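One structure, as structure tokens, below. Some questions next.
The values are calculated or read from the model by the stated rules, or taken from the named source; none is laboratory data. Note that this is a predicted model, so its numbers are computed, not measured. Don't worry about glycine lacking a Cβ; one is built from the backbone with ideal geometry, like all the others, and counts go over all protein chains shown. Protein only, heavy atoms only, side chains kept; ligands, DNA and RNA dropped before computing areas. Shrake-Rupley method; radii C 1.70, N 1.55, O 1.52, S 1.80 Å.
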Amino acid sequence: MKFPMKGFKEKLYINIFSILAFSSLFFLGGIVFVLFKEGLPIFKKVNFFEFVSGRFWYPTYDPPEFGILPLLLASFQVTLGAMFVCVPLGIGSALYLNEIASFKQRKIMKSLVEILAMIPSIIYGFFGIAILVPFLQNLLNLPTGLCAFSASLVLGIMATPTACSIAEDALSYVPRSFKEASFALGANRWQTLVKVVIPAAGSGISSAVILGMSRIVGETMVVLMLAGGAAVIPKSFFEPVRPITAAIAAEMGEVALGSDHYHALFAIAIILFFITFVFNVIAESISRKYRLKLGLAQ
Amino acid sequence: MDMETKGICKVSSFNSIKIRVEEVNFFYGKKHALKDINLNILKNQVTAIIGPSGCGKTTFIRILNRMHELIPDALLTGRIFLDGQDILSSCIDPTEVRRRVGMVFQKPNPFPKSIFENVSYGLKVNGIRDKNFIEDKVVEALKKSALWDEVKDRLDDNALKLSGGQQQRLCIARCLAVKPEVILFDEPCASLDPISTAKIEELIVELKKNYTIIIVTHNMQQAARVSDYTAFFLLGELIEVGRTGDIFKSPQDKRTEDYITGRFG
């Protein structure tokens, strides 16, 4: 007797799931295509170098000026500020969870950290506007509390759970045998942590930092609500700024379809896409090297 | 005190006792892993701990340098004396105990650092800063562990590039560098090939001149080759202990005989 043919149903399932799996590839391709199709025309008007290094962003003036340097610098500034918040908080709490907390504490704390990551960014923005901004304004006697500092602080808190949970994973990959070897040589907990665990988890922790950064750079709602929105080259943390994501979100709704301004916003989006893409590739390659270094499977 | 322990004292009256284990019980949560253990470990001798898997061999040597304290839910009762001093006493710093009682693990576990850094690690964490002194000690430890000739030209290479047998000798060197008095070997050859195993065994016999050695092993021939005394554990109990020759030729307990003749385990 012959073996029965592969059933029609089975073939159908394979096809359905293949289509579903490849759809994300399709969406990615579509997004990249549209970004480039809509973004590249601006470079017929302004060359790439002028676009990136131009000091003035006056897209609605006549003649308009498309220099995104103030926006890029604002993004850089806000990201840097947020890193100062999320790196110590995220890595500190990862170290606590991994090395100090008891089993039960770790379980509770980890789920709390994950809940923090689930809060929608609009709620962080809300909190910033309602509480942080007036507080800062009164405290420092500022003309407005909507500034790079507020955005940095809230973004930093927002990115903390991402940084924490990736760093915690990196720490938990450090083989127990390293710690045991260290203790068996008469090292105490602190020495073991600083000389063995952190160096062994180092590249994993740095990829946590980079992924945290990538989340901050691409975050829109908080900067739109809190950064103040002034498209000028930032001079201090206590002045309003306009990071690239806020510029896209704020201006896209009002721009005329197909105008130069419209194409310029798409060009900004290409740059943003490129930045986060590079961050993710770097983080991925660091963490792959790190797993190899520790002799773990890919 | 049980009969076997007295026996070991009698036959070795010339030797002094390095470690004395008294009435030790150990629990992992509810599991009673070691039951009423009494055992003397003699100075400058190799004591082999044998027994089937899960009999408490590894647990037993881990309590000898307080490594069991790293396990949550562990409870130890009884007393362990090192040169007459109770090392379980709460006023004794476990890091000090571990410096005096070193340990080599089942799987070679060098740090992902250079060969030199691996060996100097123990000295540095014990507060030694003098670079020349550290260098001398590293060379000395590598020579003692019979690794020097193979690594002298590449001390800055990552230790993970070494072969398994070399890594294990590096772990021994790392342990020797802090000048312990006792070295615990937890199945040190379990993951090594026969040639590397022979090298480690040679080394153990050589080291007993200056150190007291306890080795856990699954391999009866290995126990016979390297040890002076053998203790047989079964289900958390110490069944029998005595001179290795006596244990293998004329075991007193039926269970020991069954195990070493290969009837179980």
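Residues in the stretch A:7-42 that are assigned to a helix (DSSP H, G or I) and within 16 Å of residue A:272 (Cβ to Cβ): how many? Before you say what the answer is, go through the steps one by one.
Start the filter on the stretch A:7-42 by keeping residues that are assigned to a helix (DSSP H, G or I), which leaves A:8-39, A:42.
Next cut, within 16 Å of residue A:272 (Cβ to Cβ) only: A:28, A:31-32, A:34-36, A:38-39, A:42.
Qualifying residue count for the region: 9.
In the stretch A:171-197, which residues are open to solvent by 60 Å² or more (accessible area, probe 1.4 Å) and either under 23 Å from residue B:64 (Cβ atoms) or among the β-branched types (Val, Ile, Thr) (or both)? Before you say what the answer is, go through the steps one by one.
Kept after step one, since they are open to solvent by 60 Å² or more (accessible area, probe 1.4 Å), are these residues of the stretch A:171-197: A:172-173, A:176, A:188-190, A:194-195.
If the condition is that a residue be open to solvent by 60 Å² or more (accessible area, probe 1.4 Å) and either under 23 Å from residue B:64 (Cβ atoms) or among the β-branched types (Val, Ile, Thr) (or both), then A:176, A:188, A:189, A:194 are the ones that fit.
Say whether the condition of being farther than 18 Å from residue A:171 by Cβ, more than 14 Å from chain B (Cβ to nearest Cβ) and among the basic types (Lys, Arg) is met by at least one residue in the stretch A:283-295. Lay out the reasoning, then the answer.
Here is the first cut: in the stretch A:283-295, the ones farther than 18 Å from residue A:171 by Cβ are A:284-285.
Still in the list and also more than 14 Å from chain B (Cβ to nearest Cβ): A:284-285.
Applying the additional criterion that residues be among the basic types (Lys, Arg) yields none.
The answer is no, given that none of the residues of the stretch A:283-295 is farther than 18 Å from residue A:171 by Cβ, more than 14 Å from chain B (Cβ to nearest Cβ) and among the basic types (Lys, Arg).
Condition check ((1) surrounded by 17 or more Cβ atoms within 10 Å (Cβ to Cβ); (2) of a type in the set (D, E, K, R); (3) in contact with a Ser or Thr (Cβ under 6 Å, 6 or more places away or on another chain)) across all residues:
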site	(1), (2), (3)
A:202	no, no, no
A:214	yes, no, yes
A:234	yes, no, no
A:239	yes, yes, no
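So, in the stretch A:102-141, of the ones that are closer than 17 Å to residue A:215 by Cα and aliphatic (A, V, I, L, M), which residue ends up nearest to the other protein chains (Cβ to nearest Cβ)?
A:113
Can I ask one more? Sort through B:136, B:93 and tell me the only one that's within 9 Å of chain A (Cβ to nearest Cβ) and either surrounded by 14 or more Cβ atoms within 10 Å (Cβ to Cβ) or not hydroxyl-bearing (Ser, Thr, Tyr) (or both).
When all the criteria are applied, what remains is B:93.
Residues that are within 12 Å of another protein chain (Cβ to nearest Cβ), at least 2 per element: which helices (runs of 4 or more DSSP H) completely within the stretch A:142-238 meet that? Spell out how you get there, then give the answer.
On the way: elements: A:148-173, A:176-184, A:189-192, A:198-218, A:221-226.
Correct list: A:176-184, A:189-192, A:198-218.
If we keep just the residues of the stretch B:46-66 that are part of a loop (DSSP other than H, G, I, E, B) and within 14 Å of chain A (Cβ to nearest Cβ), which is surrounded by the most Cβ atoms within 10 Å (Cβ to Cβ)? Reasoning before the result, please.
The first filter runs over the stretch B:46-66 and keeps only residues part of a loop (DSSP other than H, G, I, E, B), leaving B:51-56, B:64-66.
Filter again for within 14 Å of chain A (Cβ to nearest Cβ), leaving B:64-66.
Details: B:64: 23, B:65: 26, B:66: 22.
The selected residue is B:65.
In the stretch B:241-262, which residue that is in contact (Cβ under 8 Å) with a residue 12 or more places away in the chain and under 17 Å from residue B:45 (Cβ atoms) is most open to solvent (accessible area, probe 1.4 Å)?
Applying the filter and picking the extreme gives B:243.
Follow-up. Being surrounded by 10 or more Cβ atoms within 10 Å (Cβ to Cβ), free of Cβ contacts under 8 Å to residues at least 12 places away in the same chain and more than 30 Å from residue A:265 (Cβ to Cβ) narrows it down to one of A:20, A:12, so name that one. Can you show your working first?
Numbers: A:20 fails: surrounded by 10 or more Cβ atoms within 10 Å (Cβ to Cβ).
Going through A:20, A:12 in turn, just one is surrounded by 10 or more Cβ atoms within 10 Å (Cβ to Cβ), free of Cβ contacts under 8 Å to residues at least 12 places away in the same chain and more than 30 Å from residue A:265 (Cβ to Cβ): A:12.
Need pairs with beta-carbon distance below 7 Å; first residue over 16 Å from residue B:178 (Cα atoms) and touching a residue at least 24 places away in the same chain (Cβ under 8 Å) and within the stretch B:104-122, second basic (Lys, Arg) and outside any loop (DSSP other than H, G, I, E, B); sequence gap 6+ or separate chains.
Matching pairs, first to second residue: B:112/A:293.
Right, next: Residues of the stretch A:53-76 being modelled with pLDDT under 85 and open to solvent by less than 40 Å² (accessible area, probe 1.4 Å), which ones?
A:54, A:59
Would a scan of the stretch A:40-50 turn up a residue that is more than 30 Å from residue A:226 (Cβ to Cβ), among the basic types (Lys, Arg) and open to solvent by 60 Å² or more (accessible area, probe 1.4 Å)?
yes
Across the stretch B:77-115, what is the number of residues that are among the polar types (S, T, N, Q) and part of a helix (DSSP H, G or I)?
The initial filter retains those residues of the stretch B:77-115 that are among the polar types (S, T, N, Q), namely B:77, B:85, B:89-90, B:95, B:106, B:109, B:114.
Those left that are additionally part of a helix (DSSP H, G or I): B:95.
Total satisfying the criteria: 1.
In the stretch B:100-123, how many are open to solvent by 60 Å² or more (accessible area, probe 1.4 Å) and at the interface with chain A (Cβ under 8 Å from one of its Cβ atoms)? Don't jump to the end; show me each part of the working.
As a first pass, look at the stretch B:100-123 and keep what is open to solvent by 60 Å² or more (accessible area, probe 1.4 Å): B:106-107, B:117.
Subset that is at the interface with chain A (Cβ under 8 Å from one of its Cβ atoms): B:107.
Looking only at that region, the number is 1.
Among all residue pairs at least 6 apart or on different chains, which show Cβ distances below 7 Å where the first residue, located in the stretch B:67-89, is within 13 Å of chain A (Cβ to nearest Cβ) and open to solvent by 40 Å² or more (accessible area, probe 1.4 Å) and the second is at pLDDT below 90 and part of a loop (DSSP other than H, G, I, E, B)?
These pairs meet every condition: B:73/B:29.
Additional query: Out of (1) under 24 Å from the mean Cα position of the chain (by Cα); (2) open to solvent by less than 20 Å² (accessible area, probe 1.4 Å); (3) hydrophobic (A, V, I, L, M, F, W, C), the odd one out for residue A:85 is which?
Single failed check for residue A:85: (2).
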